[in-house]
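The block underneath contains the structure these notes are about, expressed in structure tokens.
The values are calculated or read from the model by the stated rules, or taken from the named source; none is laboratory data. All of these numbers come straight from a predicted model, not from anything done at the bench. Virtual Cβ from ideal backbone geometry, glycine too; neighbours counted across all protein chains shown. SASA here: full protein model, heavy atoms, side chains in, ligands and nucleic acids out. Shrake-Rupley method; radii C 1.70, N 1.55, O 1.52, S 1.80 Å.
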Amino acid sequence: MPQQTSIYEIHDDRFRQLTVASAGLEELYCGCRWAEGPVWFADLNCLIFSDIPNQRMLRWVPDGEVSVFRSQSNFANGNTRDREGRLVSCEHGSRRVTRTEIDGSLTVLADSFEGKKLNSPNDVVVRSDGSVWFTDPTYGILSDYEGYRAEPEQATRNVYRLDPKTGELSAVVTDFGQPNGLAFSPDESKLYIADSSSSHDVNAPSHIRVFDVVDGTTLTNDRVFCNLDKGLPDGFRMDVHGNLWTSAGDGVHCFSPEGELLGKILVPQTVANLTFGGPRKNRLFITATRSLYSVYLATNGASLS
Ligand code: MG
């Protein structure tokens, strides 16, 4: 039986080394319709996150103030930063992935594959070689709530890799029900990808798969990394030890590099995504339905954003 202390559900004693027993869950903001896409800007000391149905992106700063970073966000969802610090965003409304340049203009990185529109890019990560990897489920075209209803033009819901030199888009996985969050292992030898298709199919799995990355371009050795026992996996991030911290129906679940459930952080609203932030990257920012939460941990995020 897992032991529950305050907000933590401990399934393995190793979880105690990753958490701070006295650190509580702080609600930093409430007022979103569906909060998503948190990304940390250490240089600006702020967190940017999406409020998808409200067509806006918000900015939280440590004094507690939240302001609109971008209105008319094209129903932006997942965000990350590339290795030059630029914001990279998935947009449901325009069915594309964009990069925000230093002058504020947007560059479209991808909006079609094999001459047909993408479904609705959901989440994105940039590898150290500059390649951009993103998922393309259909959530943003299922209704007019988080995008614009449309029939998919793609036959499958793919995971794509955008080549940093040629701009060429290639489908690296094509057999997901609904690919969603994704992250590389700290050494970038593995790519983890969530399948959230149980959102619309009770018989579908709620799991995260892991692949070996070959030459930074293709994926092999597909296997299931972990199954969630509550809700579905949406966005997630890795810590420096290779533990995976994922959104789930009852909060945040932490899995060891071997895929063992170490523990949970219980959150009162359904969690969609999370990221590590703060000067030491030891603060977990959690976007959960209407709210943004944070909790300090005894571990540190592996990625820049
Ligand atoms: Mg997502």
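Below are the figures for this structure:
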{"item": "Subset of region 260-275 (residues that are touching an Asp or Glu at 6+ places or on another chain (Cβ under 8 Å), open to solvent by 10 Å² or more (accessible area, probe 1.4 Å) and closer than 8 Å to Ala288 by Cβ)", "result": "Val267"}
{"item": "Output for region 235-259, where each listed residue is within 16 Å of the ligand (Cβ to nearest atom), without any contact (Cβ under 8 Å) to a residue 60 or more places away in the chain and open to solvent by 10 Å² or more (accessible area, probe 1.4 Å)", "result": "Gly249"}
{"item": "Number of the exception - Thr220 against (1) among the hydroxyl-bearing types (Ser, Thr, Tyr); (2) farther than 26 Å from Ile141 by Cβ; (3) in contact with a Gly (Cβ under 9 Å, 6 or more places away or on another chain)", "result": "(3)"}
{"item": "In region 174-188, residue most open to solvent (accessible area, probe 1.4 Å) [restricted to those that are more than 16 Å from the ligand (Cβ to nearest atom) and more than 18 Å from Asn243 (Cα to Cα)]", "result": "Asp175"}
{"item": "Residue count for region 98-133, restricted to those that are of a type in the set (Val, Ile, Thr), without any contact (Cβ under 8 Å) to a residue 60 or more places away in the chain and open to solvent by less than 50 Å² (accessible area, probe 1.4 Å)", "result": "6"}
{"item": "Glu146, sole failed condition from (1) within 16 Å of the ligand (Cβ to nearest atom); (2) farther than 16 Å from Leu169 by Cβ; (3) open to solvent by 20 Å² or more (accessible area, probe 1.4 Å); (4) touching a Ser or Thr at 6+ places or on another chain (Cβ under 6 Å)", "result": "(4)"}
{"item": "Criterion violated by Phe211 - all others in (1) at pLDDT 95 or above; (2) within 16 Å of the ligand (Cβ to nearest atom) satisfied", "result": "(2)"}
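Residue-wise test of (1) within 16 Å of the ligand (Cβ to nearest atom); (2) open to solvent by less than 50 Å² (accessible area, probe 1.4 Å); (3) at positive phi; (4) of a type outside the set (Ser, Thr, Tyr).
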site: Ile7; (1), (2), (3), (4): no, yes, no, yes
site: Phe15; (1), (2), (3), (4): no, yes, no, yes
site: Glu26; (1), (2), (3), (4): no, no, no, yes
site: Phe41; (1), (2), (3), (4): no, yes, no, yes
site: Asn45; (1), (2), (3), (4): no, no, yes, yes
site: Asp51; (1), (2), (3), (4): yes, yes, no, yes
site: Asn54; (1), (2), (3), (4): no, yes, no, yes
site: Arg59; (1), (2), (3), (4): no, no, no, yes
site: Val66; (1), (2), (3), (4): no, yes, no, yes
